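Let me begin by presenting the structure, written as structure tokens, before commenting on it.
Quick note: the coordinates plus some simple rules give every number you see, no bench work behind them. Small disclaimer: the values here were computed from a predicted structure and weren't measured. We place every Cβ from the backbone using ideal geometry, glycine too, and count neighbours over all the protein chains shown.
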Amino acid sequence: MPAECATILVVDDEEPVLTAAAEMLRRAGFDVLMATSPPEALTLCREYPDPIHLALLDIVMPSMNGLELRECLRTEYPGIRVLYMSEYNHQEMAWRGVAEIPGDFLKKPFTSSKLVGKVNAGLWKRGAATA
């Protein structure tokens, strides 16, 4: 799927990270939706009229973690692909209640080429919708 045909939802409670990731993806040709919280992301998705192809989710967020948000998104959008990101290592995430990260993971901070490469891989990966 070419970038100019894909819509990416980026959810991160840290606004500078959210803005930077969105800008990197826009420069690569993606349509980008941004949300600073899981509830905002769910509302945005319900109001957005077109398909959302991939969600880039921060794993550790205050109201709901990225894994919980993924489950909510999959209820309404079963084909959505998911890529997780976090500044925390696996031990720190476990301490925050995230024992295991299913699917693809991107460590913060990241470069534009790393982000775009992971997103493109997620869009093309078979079975990514179940990750």
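Here are the numbers for the structure shown:
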read-out	value
Neighbourhood charge, 9 Å Cβ-Cβ cut-off, centred on Y84 and excluding it, Lys, Arg +1 and Asp, Glu -1	-1
Fewest-first ranking of F105, F110, using other Cβ atoms within 10 Å as the exposure measure	F105, F110
Rough spin-label spacing in nm, given labels placed 7 Å along Cα→Cβ, for T111 and T7	3.2
Ascending count of other beta-carbon atoms within 10 Å, so fewest first, for C45, C5, C72	C5, C72, C45
Proximal charge balance of S112 [Cβ under 14 Å; K/R count +1, D/E count -1]	+4
Size of charge dipole - the stretch 3-123 - debye, nearest 20, with Cβ of Lys, Arg +1 and Asp, Glu -1, no other charges	380
Footprinting exposure proxy for Y84, Y77 (fewest neighbouring C-beta atoms within 10 Å first)	Y77, Y84
Gained length - E47 relative to E15, 0.36 nm times residue gap less alpha-carbon distance	9.4 nm
Convex hull volume of the stretch 3-123 per residue (C-alpha atoms, cubic angstrom)	91
Percent RCO, i.e. relative contact order, over the stretch 3-123, from Cα pairs under 8 Å lying at least 6 residues apart	25
